[in-house]
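Here is the structure we will look at.
The values are calculated or read from the model by the stated rules, or taken from the named source; none is laboratory data. This one's a predicted model, so the numbers in the text were calculated from it and none came from an experiment. In this analysis, Cβ positions are derived from the backbone assuming ideal geometry, glycine residues included, and neighbour counts consider all displayed protein chains.
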C-alpha cells in the first residue's frame, strides 16, 4: 500500500504537467501587438519587431473559439514566424460577429497598399495604438 505522501505526488504531478502543457500550447504563442498608421509592432516581451502592413497577407478572427484570438498571417518570415497570434481587447460588439480590430487592420493594410481590395469600414482600435509624433500617447 502506498503511503499518503506518495499518493498525493502521483495525483499532483500529472495535473502539474497537464497545466504546463496547456500554458505552452495556448498562452506562450500569444504576442503583444501595437499599431501605428504604417506598421505592426510585435513583441514577445523580450524582442520587438516592426512589420509593415505591406508584409501582412491576411487577418483572421477565430470566432469559433470562445477566447477569440486574432491571427495575422504574414507574407514573409519574421523572427516570430509567419503567423502572429494575439488577444485583442474585449469587445461586446464582437460577441456574435467578427471583432472590429480585424476590419481595422484590413483597412490599414489597404491604405498602405492600394492594390489590395477594399474591406468594410473600421471602428475604434481594439489593440493598443503606438504613440507617434503626430499622435502623442
Could you please give the count of residues in segment 1-39 that are touching a residue at least 24 places away in the same chain (Cβ under 8 Å) and more than 15 Å from the chain's Cα centre (by Cα)? 3
Considering segment 40-55 alone, what residues qualify as being in a helix (DSSP H, G or I), touching a residue at least 24 places away in the same chain (Cβ under 8 Å) and touching a strand residue (DSSP E or B) at 6+ places or on another chain (Cβ under 7 Å)? 53
Per the filter on segment 7-37, residues surrounded by 14 or more Cβ atoms within 10 Å (Cβ to Cβ) and assigned to a loop (DSSP other than H, G, I, E, B) are 29, 31, 36
Within segment 38-47, the residues that are surrounded by 14 or more Cβ atoms within 10 Å (Cβ to Cβ) and either more than 19 Å from residue 101 (Cα to Cα) or not assigned by TED's automatic domain parsing to the domain that holds residue 86 (or both) are 44
